[in-house]
Amino acid sequence: MPKPESFAIDKIYVPVKRKKALKPELVREIAESILEIGQQAPILVRPDEGRFVLVEGLHRFEACKALGEKTVIGILVSAEIVHQKTLLSDSAEAEAERDKMARLKKLRLEKEAAERSAAASEVVMETQSAVLLRKSSEKEIRSNPKASRSQANRGTSGSTPRTLSEWITQQKRDGGRY
């Protein structure tokens, strides 16, 4: 394991992609901690044509810079180690993305199932309401002394005509006019 050493802050290049991840509130917290107890964790840098490139420790680096430090404690790592680390993080990121997509798919399927269940439940409720309404109206007709004989018979006949010919037959049987 390489030993920590001191690197000149002005010799360290921070890639633009890394700078985009900078969180000023975190830099402030780390700077306060460095003032109290000093820099505890070294940053990681790699050599690159007369300068160093920041590999890890953006917020620690920026905190030291904000405090006016001229140097920062770091560990020099090789480009090969950086490449291996990138591959590992890429595979971890890919795995995390696959997990996220699987969770989203599961949630979507659960939502669709719940919607289908709700729709089926609504159909059952509508059917039950229609049956209750029909039974209620049949009871009213039977208990109404002013209901015509055909209305009363229709309520007790047990079936509602489904076709025109059934209706005509029922009307003839009940003595009604058609």
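In terms of its C-alpha gyration tensor, the range 5-77 has an oblate overall shape, because the principal axis ratio a/c (a ≥ b ≥ c, square roots of the eigenvalues) is not below 1.5 and a/b does not outweigh b/c. Can you tell me the FRET efficiency between E29 and D99 if r is taken as the Cβ-Cβ distance and R0 is 25 Å, rounded to the nearest 0.05? For E29 and D99, the calculated efficiency is 0.25. Separation of the alpha carbons by more than 26 angstrom is noted, of K19/K70; K3/K65; K17/K105; K23/K106; K23/K70; K135/K172, for K17/K105; K23/K106. Stretching V77 away from D174 to a fully extended chain increases their span by 24.8 nm, per 0.36 nm per residue minus the current alpha-carbon distance.
Of the peptides 26-36, 161-171, the ranking by mean beta-carbon count within 10 Å, highest at the top, reads 26-36, 161-171. DSSP beta bridges fully contained in the range 5-77 are about 65 percent antiparallel.
In terms of packing, defined here as the mean over residues of other Cβ atoms within 10 angstrom, the peptides 62-74, 101-113 line up highest first as 62-74, 101-113.
Since every read-out is calculated from the coordinates, none of them should be taken as a lab result. Just so we're clear, the structure is a prediction, and the values are computed from it rather than from any experiment. Note: ideal-geometry Cβ built from the backbone for every residue, glycine included; neighbour counts use all protein chains shown.
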